[in-house]
1. Name the pairs: first residue in region 31-56 and part of a helix (DSSP H, G or I), second residue among the aliphatic types (A, V, I, L, M) and surrounded by 15 or more Cβ atoms within 10 Å (Cβ to Cβ), Cβ to Cβ under 7 Å, at least 6 apart or on different chains?
2. Applying the selection to region 9-30, what residues are surrounded by fewer than 16 Cβ atoms within 10 Å (Cβ to Cβ) and either part of a helix (DSSP H, G or I) or in contact (Cβ under 8 Å) with a residue 24 or more places away in the chain (or both)?
3. Give me a count of the residues in region 31-57 that are at pLDDT 95 or above and either touching a Leu at 6+ places or on another chain (Cβ under 9 Å) or exposed (fewer than 10 other Cβ atoms within 10 Å of the Cβ) (or both).
Amino acid sequence: MFVDDDQKDAYTLHAQGKSWIEVGRELGCTAAAAESFAHAYQRHTDAAAAEHQTTLF
């Protein structure tokens with residue numbers, strides 16, 4: 001699973017309260033691209049967490 005810096009940065013900046021427009025401006029892309037990066041990062045991290053999750057019962 002590959003996560004690039006833009007994906008992580010988009011996720012982090014938006015989590016810090018910046019709008020997608022602001023995030024896009026910081027990353028040098030459109031707001032839609034920034035949002036797409038953040039969602040890709042979240043999918044990657046969710047998949048990685050699920051992969052390492054152990055069954056409780």
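1. Taking only residues 6 or more apart or on different chains, the pairs are A34/A10; A34/V23; A34/L27; F37/A10; A38/A10; Y41/V3; Y41/A10; H44/V3.
2. Across region 9-30, the qualifying residues are T12, A15, I21, E22, R25, E26.
3. Residues in region 31-57 being at pLDDT 95 or above and either touching a Leu at 6+ places or on another chain (Cβ under 9 Å) or exposed (fewer than 10 other Cβ atoms within 10 Å of the Cβ) (or both): 4 in total.
The values are calculated or read from the model by the stated rules, or taken from the named source; none is laboratory data. Bear in mind the structure is a predicted one, so any value in this text is a computation, not a measurement. Please note: Cβ atoms are built from the backbone with ideal geometry, for glycine as well, and neighbour counts cover all protein chains shown.
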